[in-house]
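Engineer: Here it is, the structure in full.
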């Protein structure tokens, strides 16, 4: 993950204090002055996990730390009159409409009830999932497709990449577009970029 900004950030912070990431860079945030005021931008890469393994334990620990950081950021923004946007690969599909083969993945990492509960709880506490808010009622739009099989060609994907914003900033969001490659041969990643446009 990374943050690219036209203007120099006011401040930059790496990782989450509560999370032991073992030297892995999974979180970076920057305070940036914009036409919409001061915005804290966080770029995140949540563990992919694997049910009933240490990888899943690490993923859940990261989600716990992420939830604490989101609460802290939201409270600080409310006090300062600023806003926050958190984006990246969360490696969790929130609901059945966010994964094509949800029935076959109910016991798989990325669609476990305990993972989904975190994202749904965030969206109940002033965070707006702009990919869903501006992307319609589903199914999809998906942002990830396996390299294996025909999932890309049949749009058998997952919506696991997010742009989540505090409500004040979310009100300025105009559109959310998933840049899915036209063909399998033209893919440069198993993910497609999710681009959200904000206007004053």
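Engineer: Residues of the range 153-170 being part of a loop (DSSP other than H, G, I, E, B) and over 16 Å from the mean Cα position of the chain (by Cα), which ones?
Structural biologist: 153, 154, 155, 156, listed by residue number.
Engineer: Look through the range 136-152, keep the residues that are surrounded by fewer than 18 Cβ atoms within 10 Å (Cβ to Cβ) and either touching a residue at least 40 places away in the same chain (Cβ under 8 Å) or closer than 18 Å to residue 96 by Cα (or both), and return whichever of them is farthest from the chain's Cα centre (by Cα). Outline the logic, then answer.
Structural biologist: Start the filter on the range 136-152 by keeping residues that are surrounded by fewer than 18 Cβ atoms within 10 Å (Cβ to Cβ), which leaves 136-139, 146-150.
Add one more test, that the residue is either touching a residue at least 40 places away in the same chain (Cβ under 8 Å) or closer than 18 Å to residue 96 by Cα (or both), and what stays is 136-139, 146-147.
Working: 136: 17, 137: 18, 138: 17, 139: 17, 146: 18, 147: 21 Å.
This residue is 147.
Engineer: Any residue that is in a helix (DSSP H, G or I), surrounded by fewer than 19 Cβ atoms within 10 Å (Cβ to Cβ) and touching a strand residue (DSSP E or B) at 6+ places or on another chain (Cβ under 9 Å) - is there at least one of those in the range 106-116?
Structural biologist: Filtering the range 106-116 down to residues in a helix (DSSP H, G or I) leaves 113-116.
Filter once more, so that each one left must be surrounded by fewer than 19 Cβ atoms within 10 Å (Cβ to Cβ): 113-114, 116.
With touching a strand residue (DSSP E or B) at 6+ places or on another chain (Cβ under 9 Å) added as a condition, the list becomes none.
Within the range 106-116 (the criterion being in a helix (DSSP H, G or I), surrounded by fewer than 19 Cβ atoms within 10 Å (Cβ to Cβ) and touching a strand residue (DSSP E or B) at 6+ places or on another chain (Cβ under 9 Å)), the answer is no, since none of the residues qualifies.
Engineer: I've got another one for you. Of the residues that make up the range 171-192, is at least one more than 17 Å from the chain's Cα centre (by Cα), closer than 22 Å to residue 70 by Cα, assigned to a loop (DSSP other than H, G, I, E, B) and at pLDDT 95 or above?
Structural biologist: Scanning the range 171-192, I find at least one residue that is more than 17 Å from the chain's Cα centre (by Cα), closer than 22 Å to residue 70 by Cα, assigned to a loop (DSSP other than H, G, I, E, B) and at pLDDT 95 or above, so the answer is yes.
Engineer: Let me ask something additional. Could you tell me which numbered condition residue 100 fails, if it satisfies all but one of (1) buried (at least 20 other Cβ atoms within 10 Å of the Cβ); (2) more than 22 Å from residue 172 (Cα to Cα); (3) touching a residue at least 60 places away in the same chain (Cβ under 8 Å)?
Structural biologist: (3)
Engineer: Return the residues of the range 49-61 that are touching a residue at least 60 places away in the same chain (Cβ under 8 Å) and closer than 19 Å to residue 28 by Cβ; say none if nothing qualifies.
Structural biologist: Narrowing the range 49-61 to residues touching a residue at least 60 places away in the same chain (Cβ under 8 Å): 49, 51.
Across the range 49-61, there are no qualifying residues.
Engineer: Now a separate question. Inspect all residues belonging to the range 62-84 and state whether any of them is surrounded by 15 or more Cβ atoms within 10 Å (Cβ to Cβ), in contact (Cβ under 8 Å) with a residue 60 or more places away in the chain and under 30 Å from residue 150 (Cβ atoms).
Structural biologist: no
The values are calculated or read from the model by the stated rules, or taken from the named source; none is laboratory data. Bear in mind the structure is a predicted one, so any value in this text is a computation, not a measurement. Note that each Cβ is placed from the backbone with ideal geometry, even for glycine, and that neighbours are counted across all protein chains shown.
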